Amino acid sequence: MPLFPLNIVVYPGEKLNLHIFEPRYKQLVLDCIMSEKNFGIPTYIQNGVGQYGTEVEILGIEKKYDNGEIDIRSKGIRVFKVIKFERTAPGRLYAGGEVEAVAYENDEDIITKTKIRTCMQQLYDALGLKSLSLDLKEDFTSFEIAHQLGLNLEQEYALLQMQRESDRQEAILLHLQNILPIVLETERLKERVKLNGHFKSLTPPEF
């Protein structure tokens, strides 16, 4: 499979817009379009190409530039594990490798899912992002919300490797339960700072 290592995690079903400017990746995109092939985006992490990545389908070319650069629309299809990586595929400028598909188990837990929804709504409300809360689908999956949780690259990559939906749900819920008190306290601190210097109407305690 043609491989395009990037410092991101792409999840199955995710729409991804890419600006292609390096000669090797312009070649990759054109080869994939001509042969109607997909390419893979393994996550580049900790100064190396990670073992896991996502197969990506090119949906179309959005724009071609006079200098040969290209804007493409693409979509994540399925997760793979790299079995053999080559910095340059035979006769090509770009990387390639042997990959195998990763099988996932959709064993979601509805109770955990409900807790995740509640935590996400509290988080978005605290951050003043109620529109994101309203946009949350009723039947959301862990992959569909993973980029909206404030996870770092290592955490997103760890989710990509979990083969059970229930495991990903547990990891997401734990993350939200850890950060929510911090966010709420930060917002309370901001309010206290705003009130500093203002005239206050306080009720004296009874003693």
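The values are calculated or read from the model by the stated rules, or taken from the named source; none is laboratory data. Since the structure is predicted, the reported quantities are computational estimates derived from the model, not experimental observations. Here the Cβ is made from the backbone with ideal geometry for all residues, glycine too, and neighbour counts use every protein chain on show. The accessibility values were calculated without ligands, DNA or RNA, using every heavy atom of the protein model including side chains. Shrake-Rupley method; radii C 1.70, N 1.55, O 1.52, S 1.80 Å.
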(request) Return the Rg/Rh value of the chain, two decimal places, where both radii are evaluated on C-alpha atoms and Rh is the Kirkwood radius. (result) 1.12
(request) Give me the net charge of residue 67's neighbourhood, meaning all other residues with Cβ under 13 Å from the Cβ of residue 67; Lys, Arg count +1, Asp, Glu -1. (result) -1
(request) Might you tell me the accessible area per residue for region 1-126, computed with a 1.4 Å probe and given in Å²? (result) 55
(request) Let me have the 222 nm mean residue ellipticity of the chain computed from DSSP H runs of 4+ only, each contributing -39500 (n - 2.57), with the sum over all residues rounded to the nearest 500. (result) -12000 deg cm²/dmol
(request) Would you grab the residues whose amide H sits under 5 Å from the one on residue 52? Only those 5+ places off in sequence or on another chain, please, with H modelled 1.01 Å from N. (result) 43, 82
(request) Express in nm, to one decimal, how much length is gained between residue 92 and residue 136 on full extension, taking 0.36 nm for each residue of separation and deducting their alpha carbon distance. (result) 11.6 nm
(request) Sum up the charges of everything whose Cβ sits under 10 Å from the Cβ of residue 45, counting Lys and Arg as +1 and Asp and Glu as -1, but leave residue 45 out. (result) -2
(message) Among 47, 35, 157, whose Cα projects farthest towards the positive end of the dipole of the chain, with charges put on the beta-carbon of Lys, Arg (+1) and Asp, Glu (-1)?
(response) 47
(request) Under 12 Å from the Cβ of residue 24, count the other residues' Cβ atoms, weight Lys and Arg +1, Asp and Glu -1, and hand me the total. (result) +1
(request) Based on the mean of other Cβ atoms within 10 Å per residue, sort peptides 53-59, 67-73 so the most packed one is first. (result) 53-59, 67-73
